[in-house]
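Worksheet for the structure shown next.
The values are calculated or read from the model by the stated rules, or taken from the named source; none is laboratory data. Here the structure is a predicted model, which means the values were calculated and not measured. We place every Cβ from the backbone using ideal geometry, glycine too, and count neighbours over all the protein chains shown.
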Amino acid sequence: MKKREKFVDKIYKLTRNEAPLSYLLPTRHTNRFPLLEFNEETGSNRELRYARNQKSIYVDEQDGNAVIEPIIFEDGFLSVRKTNQVLQKFLAAHPLNGKRFEEVNYERNASKEVEVLTAEVDALIEARKMTIDQMEEIHRVLYSSNTDTLSSAELKRDILLFAKTEPIDFLNIISDPLIKLQSQVQKFFNAGLLMQNGSKVNFNTKSNKKRLLSVPNGEDVNLTVASYLQSDDGIEALKLLEKTLKN
């Protein structure tokens with residue numbers, strides 16, 4: 001037996017954080033704003049139109065007495081009663097659904113909040129377990145800074161705050177196998193053994209001023225250098241830099 005569809009009141013909201021006092025949603029097809037739904041089976045477009053006195057949202061199924069009325073979001077929200085199924089169906093098929101507006105799904109939103117809160121707890125636990133050396137490694141990667149000037153309290157504060165505000169990013173970073181090498185690269189820069197000049201990264205030791213590599217436009221410098229140093233071509237350069245740093 002086919003399960004009976006349950007009709008419910010629905011709330012929709014504009015997707016932008018700053019919603020206007022009122023927003024008028026297009027309700028009929030125009031050249032300025034095409035209001036069409038593509039039919040996968042027929043390969044054709046069907047014109048949409050919201051008319052409160054019609055049973056269908058498709059123009060080709062409406063009669064000539066369509067009563068057009070505006071759809072207005074007030075303070076970023078629109079409430080649609082379960083008795084207005086035509087409007088709910090029209091909003092579901094609207095090209096701006098998911099782009100300019102979306103249905104408020106409290107269960108889905110609650111699940112997302114639970115995921116974020118769980119990640120925050122996990123991130124803070126991992127941050128508290130870290131040694132000072134591990135915190136220094138993460139801090140150098142996060143802030144490209146010299147941790148020698150920071151007290152242990154300042155170091156812990158910065159790491160805990162980042163774990164709390166950006167828990168997912170923090171968990172991804174600490175699980176990255178390149179993190180230690182990126183931290184080492186920042187040490188090389190801090191010690192002046194490597195120098196960046198535009199897109200070029202050069203050696204800056206007493207005996208070597210040659211170019212190490214060029215960083216592609218938009219790429220992270222530390223990550224690019226770390227990736228190169230762990231390759232077969234860069235392993236000798238890594239050994240040289242590590243030896244020079246110790247001395």
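Scanning segment 119-155 for residues that are of a type in the set (D, E, K, R) and surrounded by fewer than 17 Cβ atoms within 10 Å (Cβ to Cβ), we see that the one that is nearest to Lys180 (Cα to Cα) is Asp133.
The helices (runs of 4 or more DSSP H) found wholly in segment 142-209 and carrying at least 1 residues that are out of contact with any His (no Cβ under 9 Å at 6 or more places or on another chain) and among the hydroxyl-bearing types (Ser, Thr, Tyr) occupy 152-165. Please tell me if Arg211 is more than 20 Å from Glu137 (Cα to Cα) and modelled with pLDDT of 90 or more. So Arg211 passes the test. For segment 38-46, state whether one or more residues are surrounded by 12 or more Cβ atoms within 10 Å (Cβ to Cβ) and either more than 23 Å from Lys82 (Cα to Cα) or in contact with a His (Cβ under 8 Å, 6 or more places away or on another chain) (or both). Taking every residue of segment 38-46 in turn, at least one turns out to be surrounded by 12 or more Cβ atoms within 10 Å (Cβ to Cβ) and either more than 23 Å from Lys82 (Cα to Cα) or in contact with a His (Cβ under 8 Å, 6 or more places away or on another chain) (or both).
If you go through segment 133-178 and pick out every residue that is farther than 22 Å from Ala226 by Cβ, among the charged types (D, E, K, R) and within 21 Å of the chain's Cα centre (by Cα), you end up with 1.
Would segment 16-23 turn up any residue that is touching a strand residue (DSSP E or B) at 6+ places or on another chain (Cβ under 8 Å), modelled with pLDDT of 90 or more and among the hydrophobic types (A, V, I, L, M, F, W, C)? No, every residue in segment 16-23 fails to be touching a strand residue (DSSP E or B) at 6+ places or on another chain (Cβ under 8 Å), modelled with pLDDT of 90 or more and among the hydrophobic types (A, V, I, L, M, F, W, C).
Filter segment 188-237 for residues that are without any contact (Cβ under 8 Å) to a residue 12 or more places away in the chain and among the aliphatic types (A, V, I, L, M); which is farthest from Leu178 (Cα to Cα)? Applying the filter and picking the extreme gives Met195. The sole residue among Val80, Val67, Val59 that is in contact with a strand residue (DSSP E or B) (Cβ under 6 Å, 6 or more places away or on another chain), loosely packed, with under 14 Cβ neighbours inside 10 Å, β-branched (Val, Ile, Thr) and more than 29 Å from Phe170 (Cβ to Cβ) is Val67. Residues of segment 79-106 that are under 18 Å from Ser56 (Cα atoms) and in a helix (DSSP H, G or I): Gln85, Val86, Leu87, Gln88, Lys89, Phe90, Leu91, Ala92, Ala93.
When each of Leu117, Leu124 is tested for being farther than 30 Å from Glu5 by Cβ and in contact (Cβ under 8 Å) with a residue 40 or more places away in the chain, the lone residue that passes is Leu124. The strands (runs of 3 or more DSSP E) located wholly in segment 6-78 that include 2 or more residues which are free of Cβ contacts under 8 Å to residues at least 40 places away in the same chain, within 13 Å of Phe90 (Cα to Cα) and assigned by TED's automatic domain parsing to the domain that holds Gln88 occupy 44-47.
The one condition from (1) farther than 30 Å from Thr118 by Cβ; (2) part of a helix (DSSP H, G or I); (3) modelled with pLDDT under 90 that Asp233 does not meet is (2). Sub-6 Å Cβ pairs linking a first residue in segment 146-159 that is in contact (Cβ under 8 Å) with a residue 12 or more places away in the chain to a second residue that is assigned to a helix (DSSP H, G or I) and surrounded by fewer than 15 Cβ atoms within 10 Å (Cβ to Cβ), at least 6 apart or interchain, are Ser152/Ile132, ordered by first then second residue. Every condition in (1) exposed (fewer than 12 other Cβ atoms within 10 Å of the Cβ); (2) under 22 Å from Phe170 (Cα atoms) is met by Glu107 except one, and the failing one is (2).
Inspect all residues belonging to segment 67-76 and state whether any of them is farther than 25 Å from Arg16 by Cα and not acidic (Asp, Glu). Checked segment 67-76: at least one residue is farther than 25 Å from Arg16 by Cα and not acidic (Asp, Glu). Of all residues in segment 214-247, how many are surrounded by 17 or more Cβ atoms within 10 Å (Cβ to Cβ), farther than 24 Å from His139 by Cα and in contact with a Lys or Arg (Cβ under 8 Å, 6 or more places away or on another chain)? So the count comes out to 0.
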